[in-house]
Amino acid sequence: MPASTEDKKHLILTGDRTTGPLHLGHFVGSLRNRVKFQHQYEQYIMLADAQALTDNMDNPAKVHDNVIEVALDYLAAGIDPAKSTIFIQSQIPELTELTFYYLNLVTVARLERNPTIKQEIALRNFERDIPAGFLTYPVSQAADITAFKASLVPVGEDQIPMIEQTNEIVRRFNRLANKDILVECQALVPEIGRLPGIDGKAKMSKSLGNVINLGFSPAEIKAAVRNVYTDPLHLRVSDPGHLEGNVAFIYLDAFDEEKASLQEMKDHYVRGGLGDSVVKARLEAVLQDLLQPIRERREEFAKDRGQVLQMLKDGTRKAREIAARTTDEVKAAIGLKHF
Ligand code: TRP
């Protein structure tokens, strides 16, 4: 179905921190949507290397190396550079510049109340030793989104507070400028909630070591599935099983297309008489099928890193033109045009 002209008007800005290769949490949270949206909308996808530094300044090499890894994940997952523009955050100085102005539209107290930031601070045990850049990264995220005047932002649900802060900044700025220069945006969050880690923790995250990466080998997938958390009360095959919090079934819900036979399997599990090993065998088959073509495409693209870098260079040049135009407008609106 061709996209309507109304749809075409929407510009999408989205992205991921380049702190590690992407995993199934990213795939479900936003990547799968982006592969669809690129046919409907004008989509820009950002490798957030500058944001990755906000808690990795002690290891910039890790951030550098993961720029290409995440780019390979995008290409492998089906992001088509002819349809989506992929670019590198740190190569667009206008994004940093906008951040510096927007910082004055946000209070420290408001940043400290951002639920995602709060959670991440706890996860990293920062307590009071929070890098100022980390505390303020929602503002840089507002710069990313507004620089493109994006109206839609496909992200996982943990990013909703960033969208709310962005829109607060947009409204404050437009009021200050007395003109609708910046555009409010809307998060596009998938219906299926956040994917838990293989250990059953609420979030699949590299730092928690509970991930299945898009580039995992068949043996790594097998080992991860073996460790997937199921139902601790399901001790004997004959025992009735529980679906709630059962990661094997949560993953099957997310990835298994055969909904009818999956429902039969769930019913059987709940009645009793179905062993975890049968459920895990099905899950492994589904994940092997899902990840095999992704892994193969990844290996193919990885053979020519020069070509990947050229694609990023072209994407970044195109993206920078847009960001620079918005930055000019922003500066003019607040009197920062002196000559
Ligand atoms: N915060 C996002 C993440 O953790 C990355 C990101 C930075 C982003 N800027 C963005 C996402 C703008 C969407 C829009 O992965």
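Karplus-derived 3J(HN,Hα) values for region 251-256, using 6.51 cos²θ - 1.76 cosθ + 1.60 with θ = phi - 60°, are 5, 4, 4, 6, 10, 8 Hz; glycine and proline are entered as x.
Under 5 Å from the amide H of HIS23 lie the amide H atoms of LEU214, each residue being 5 or more positions distant or on a separate chain, with H modelled from the backbone and absent for Pro and chain starts. Working from Cα pairs under 8 Å separated by at least six residues, relative contact order for region 238-339 is 25 percent. Over 31 Å apart at the Cα level, from the set LYS179/LYS318; LYS259/LYS313; LYS203/LYS280; LYS62/LYS203, are LYS259/LYS313. For the chain, with all protein chains in place and a probe radius of 1.4 Å, 53% of the accessible heavy-atom surface sits on carbon or sulfur.
How much of LEU233 can a 1.4 Å solvent probe reach, expressed as accessible area in Å² and rounded to 10? Approximately 120 Å² of LEU233 is accessible to the 1.4 Å probe. Ordered from largest to smallest accessible area (heavy atoms of protein chains, 1.4 Å probe), the residues ASP73, ASP276, ASP129 come out as ASP129, ASP276, ASP73.
Beyond 23 Å, the tail of the calculated P(r) for region 197-281 holds 22 percent of the Cα pairs. 3J(HN,Hα) along region 201-214: 5, 4, 10, 7, 8, 4, 5, 8, x, 10, 10, 10, 6, 4 Hz, from the Karplus curve 6.51 cos²θ - 1.76 cosθ + 1.60 with θ = phi - 60°, whole Hz, x for Gly and Pro.
Only protein heavy atoms count here; on that basis, with a 1.4 Å probe, ILE192 has an accessible area of about 60 Å². A cut-off of 5 Å between modelled amide H atoms, ignoring neighbours fewer than 5 places along the same chain, links LEU188 with VAL153, VAL155.
The amide H of ARG17, built 1.01 Å from its N in the peptide plane, has ALA48 as neighbours under 5 Å, considering only residues 5 or more places off or on other chains.
The values are calculated or read from the model by the stated rules, or taken from the named source; none is laboratory data. The structure presented is a predicted model; accordingly, all values stated were derived computationally and were not measured. Just so you know, the surface numbers come from the protein's heavy atoms only, side chains and all, with ligands and any DNA or RNA stripped out. Shrake-Rupley method; radii C 1.70, N 1.55, O 1.52, S 1.80 Å.
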